[in-house]
Amino acid sequence: MDTTAPRVSVVGTGYLGATHAAAMAELGFDVIGVDTDQAKVDALSRGVVPFYEPGLPELILKHVESGRLRFTTDITEATALSDVHFVCVGTPQQRGSNAADTRYVEQAVRDISANLTRDALIVGKSTVPVGTAGRLRGAVSALAPEGVSAELVWNPEFLREGKAVEDTLRPDRIVIGGTSARAEATLRELYATPIATGTPVVVCDLETAELVKVSANAFLATKISFINAIAELCDAAGADVSVLADAIGFDDRIGRKFLNAGLGFGGGCLPKDIRALQARAGELGAHSATALMQQVDEINMAQRQRVIDLALDALGGSVLNKRIGVLGAAFKPDTDDVRDSPALNVAAALHLRGAQVVVYDPEAGQTARRSFPTLSYADSLIDAATGADALLVLTEWREFREADPSELGAIVSGRRVIDARNCLPSERWAAAGWSVRTIGRTASVAALPTFV
Ligand code: UGA
């Protein structure tokens, strides 16, 4: 280990922080992860990750054992030992407002600044409304002890849940905002490995760095709502949105990614970020962005109603006392995260209309039970499907995509499936006697024989 290498602390060890801490250790640095939650610190110190993220437990365990990574609740351990402090705490949506709640970021920056005993670089990674970092610079200079120099910069994170380790070790781009030459050199040293393999570095001002992050998520959300609006048109016109997406996606100015029509986006990031952008744009008088985000959000939320309507239609107008097997609870596959999950939203709405809803998810059963304890849960796909009048595929887990329609057809009460993620091989399901409903693919499904 190079003794002159910067030592790192990561404040906040949720999704972002735990992954960033493990990745920094993997890149060769000594890392302390700091969190106020003692139970989380204890678990991480044993290499136990309190959420499902492929590859992360192995990486944390590897570096806890190598001695490069440790976790504490004591911020003074981090300020005594570390040169660079990454701020990775959450910025959830405020209650009763669209704006982001920045109180945890503010608290973390204050805690670091007030406890510094040596010069430090504070690097914000959390997603914040534009202008937050500029404001926090005042707090850093007011709180940092005399004789200690502290600089605050912003370096947003773009990791996706389910691919967090890969995205952190090999990011598409590194954005660093508001740095002095010295801070830029330190960050380039920390990210030397991905930079050496070609990851581009964008150096900009603080405000641009803050806005890059929310704009990226806003664009992804817009892409999804765009294709969902076109899916509605495809249904009305008798066209197939999946083929359409393939065709427009061949144009590399458009690209095929994030053009999967269906139940729409959820999770802890896209919904809150478009709302925070809408709120901040409104405050700053940038009304086009406000109006666009409003429309994107409306289209997205309407998809949930669209799937509820498909279920009602499939079951003859009422779901009362009908048994519905809901396949999927997570907001997307390869995660156990159910924050703002469209799947659970639909499941709960059908339950409230009197359906007997049984939910199965390969990984998110526990988190879903905690968030929606009134729903019924099955421990297997077979249990969820047994006796069902209809199956709803709401999260495109591989287990559902590859399920055998003949096997499931033999145990349900009615062979009706709503493929709300357009992820099933419809021909195979139809050939096994299922009536298949999709989003924006009426054309291809109408061409199939239907069995109700
Ligand atoms: C998103 C961004 O993709 C990351 O780059 C960003 O760093 C992260 O938010 C964040 O701000 O922390 P994530 O929330 O993990 O990552 O999920 P995505 O993979 O973006 O998926 C979001 C939602 O869009 C899911 O519900 C997914 O089902 C839906 N989606 C995605 C579609 O409905 N259609 C698509 O074609 C793609």
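The values are calculated or read from the model by the stated rules, or taken from the named source; none is laboratory data. Note that the structure is predicted; figures quoted are calculated from it, not measured. Cβ atoms come from the backbone with ideal geometry, glycine included; neighbour counts cover every protein chain shown. Remember, those area values only see protein heavy atoms, side chains included, never the ligands or the DNA or RNA. Shrake-Rupley method; radii C 1.70, N 1.55, O 1.52, S 1.80 Å.
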Please state the equivalent ellipsoid semi-axes for the chain: what are the square roots of 5 times the Cα gyration tensor eigenvalues, largest first, in whole Å? 44, 24, 19
Starting from the Cα of ASP119, step 7 Å along the direction of its Cβ; do the same at ALA302; then give the gap between the two resulting points in nm. 5.7 nm
Carbon and sulfur atoms account, in whole percent of the 1.4 Å probe accessible area of the chain, for 53 percent
So which GluC sites (Glu not before Pro) in the stretch 93-200 pass both tests, a DSSP loop state and at most 16 other Cβ atoms within 10 Å of the Cβ? GLU146
Nearest 10 degrees is fine. How inclined is helix 132-143 to the longest principal axis of the chain, computing both from alpha carbons? 30 degrees
Can you give me the angle between helix 15-26 and the longest principal axis of the chain, using Cα atoms only, in degrees from 0 to 90, rounded to the nearest 10? 60 degrees
If you restrict to DSSP beta bridges whose two residues both lie in the chain, what percentage is antiparallel, to the nearest 5? 5 percent
Would you grab the residues whose amide H sits under 5 Å from the one on ARG441? Only those 5+ places off in sequence or on another chain, please, with H modelled 1.01 Å from N. VAL241
May I have the extent of the alpha carbons of the stretch 8-204 along their three principal axes, as whole Å values ordered from largest to smallest? 40, 38, 38
Computed [θ] at 222 nm, deg cm²/dmol, the chain (DSSP H ≥ 4; -39,500 (n - 2.57); rounded to nearest 500): -14000 deg cm²/dmol
Calculate one ³J(HN,Hα) per residue across the stretch 292-309 by plugging θ = phi - 60° into the Karplus curve 6.51 cos²θ - 1.76 cosθ + 1.60, and present them in order as whole Hz with x for glycine and proline. 4, 5, 4, 5, 4, 5, 5, 4, 4, 5, 5, 4, 5, 5, 4, 6, 4, 4
Under 10 Å, Cβ to Cβ, from PRO200 - net charge with Lys/Arg +1 and Asp/Glu -1: 0
Chymotrypsin sites (Phe, Trp or Tyr not before Pro) in the stretch 234-276 lying in a DSSP loop, each with at most 15 other Cβ atoms within 10 Å of its Cβ, come to PHE250
Leaving out ligands, DNA and RNA but keeping every protein chain, what accessible area does TYR191 have, in Å² rounded to the nearest 10, with a 1.4 Å probe? 20 Å²
Check: C-alpha center the stretch 28-89 vs C-alpha center the stretch 234-256, spacing in Å is 44 Å
What pairs from LYS125/LYS223; LYS223/LYS272; LYS125/LYS332 go past 19 Å between their alpha carbons? LYS125/LYS223; LYS125/LYS332
With +1 on each Lys and Arg Cβ and -1 on each Asp and Glu Cβ, and nothing else charged, work out how big the dipole of the chain is about its Cα centre, in Debye to the nearest 20. 740 debye
Where in the stretch 205-288 are there trypsin sites (Lys or Arg not before Pro) that are in a DSSP coil and have at most 10 other Cβ atoms within 10 angstrom of their Cβ? ARG253, LYS257
Tell me the per residue accessible area of the stretch 8-204 using a 1.4 Å probe; a whole number in Å² is fine. 40 Å²
Going by amide H atoms built from the backbone, whose H comes under 5 Å of the H on ILE122, apart from near neighbours? HIS85, GLU151, LEU152, VAL153
What does the accessible area per residue of the stretch 216-437 come to in Å², with a 1.4 Å probe and no ligands, DNA or RNA counted? 42 Å²
So, over other residues within a Cβ distance under 14 Å of VAL148, counting Lys, Arg +1 and Asp, Glu -1, the net charge is -3
Backbone HN-Hα couplings from phi across the stretch 329-345 [Karplus 6.51/-1.76/1.60, Hz, Gly and Pro as x]: 10, 5, 6, 6, x, 6, 8, 10, 7, 10, 4, 6, 7, x, 4, 5, 4
What order do you get for 56-63, 90-97 when each peptide is scored by the mean count of other beta carbon atoms within 10 Å, highest first? 56-63, 90-97
